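Here is the structure we will look at.
The values are calculated or read from the model by the stated rules, or taken from the named source; none is laboratory data. Since this is a predicted model, take the numbers as computed values, not measurements. Neighbour counts run over all protein chains shown; Cβ positions are idealised from the backbone, glycine included.
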Amino acid sequence: MVAATQNRNTPTRADRRRSHPVAASALCYAGAIAVMNASGYAAPATTATGLTALGVFHAQVDNTNGADGDEIVEIERGCFRFANDGGDPIDRTLIGTTCYLVDDQTVAATDGTGTRSAAGTVDDIDDAGVWVRIDPTA
C-alpha cells in the first residue's frame, strides 16, 4: 500500500439510519436521543447505566400500549446538538471527550458518579448547546 498522493473519491455509507425494535411502553419523539436498553430494545435516553446511545429518533413512534418489539423505529447516527446540563455542564475543554446522558435531550460532563451512560463524543459547544457525535459502532 502507498499513501495517497492526490485527492480521492472515498466511498461512504449514505444511509446513517438503522431500524430498531422499540421497548414496551416507550414513546419515542423525533430528534430525541435514542438508546438501546439492557434487553436490546430502542427507548428514549434516561439517567441510567447499561444503555448504549444509538443516535436520534428519525420520527415519532408510540409504543406506549405495546410490548417489546411491537413497533419499529428508524434511528439516525451522526452529530447532533443537545441541551447542556446546568448542574454538570460541558465546556470547550471537553471537546473530543465522552459526554453522558441525562435524558433524551440533555447531556452532561460526567457520569454522575456512576449513574449515567455514555452519550457520545463532544464535537463542539455553542450558545445553543452541545454538539455530540453518536455512533455506537465507533
- Residue count for the stretch 22-54, restricted to those that are in contact with a Lys or Arg (Cβ under 7 Å, 6 or more places away or on another chain) and more than 22 Å from T110 (Cβ to Cβ): 0
- From (1) without any contact (Cβ under 8 Å) to a residue 60 or more places away in the chain; (2) assigned by TED's automatic domain parsing to the domain that holds Y29; (3) crowded, with 22+ Cβ neighbours inside 10 Å; (4) not aliphatic (A, V, I, L, M), pick out the condition that doesn't hold for Y100. (2)
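Among the residues of the stretch 35-48, what is the count of those that are without any contact (Cβ under 8 Å) to a residue 40 or more places away in the chain and either touching a strand residue (DSSP E or B) at 6+ places or on another chain (Cβ under 9 Å) or crowded, with 24+ Cβ neighbours inside 10 Å (or both)?
5
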- Query: When the residues of the stretch 49-60 are filtered to those that are closer than 16 Å to P136 by Cβ and not β-branched (V, I, T), which remaining residue is surrounded by the fewest Cβ atoms within 10 Å (Cβ to Cβ)?
  - Reply: G50
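Go through the stretch 79-119 and give me each residue that's farther than 14 Å from A32 by Cβ and under 11 Å from the mean Cα position of the chain (by Cα).
Result: C79, C99, Y100, S117, A118.
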- Query: Given T46, T115, which one is in a loop (DSSP other than H, G, I, E, B) and in contact with a Leu (Cβ under 8 Å, 6 or more places away or on another chain)?
  - Reply: T46
- Task: Determine whether the stretch 24-39 contains at least one residue that is on the phi > 0 side of the Ramachandran plot, in contact with a Gly (Cβ under 7 Å, 6 or more places away or on another chain) and assigned to a strand (DSSP E or B).
- Result: no
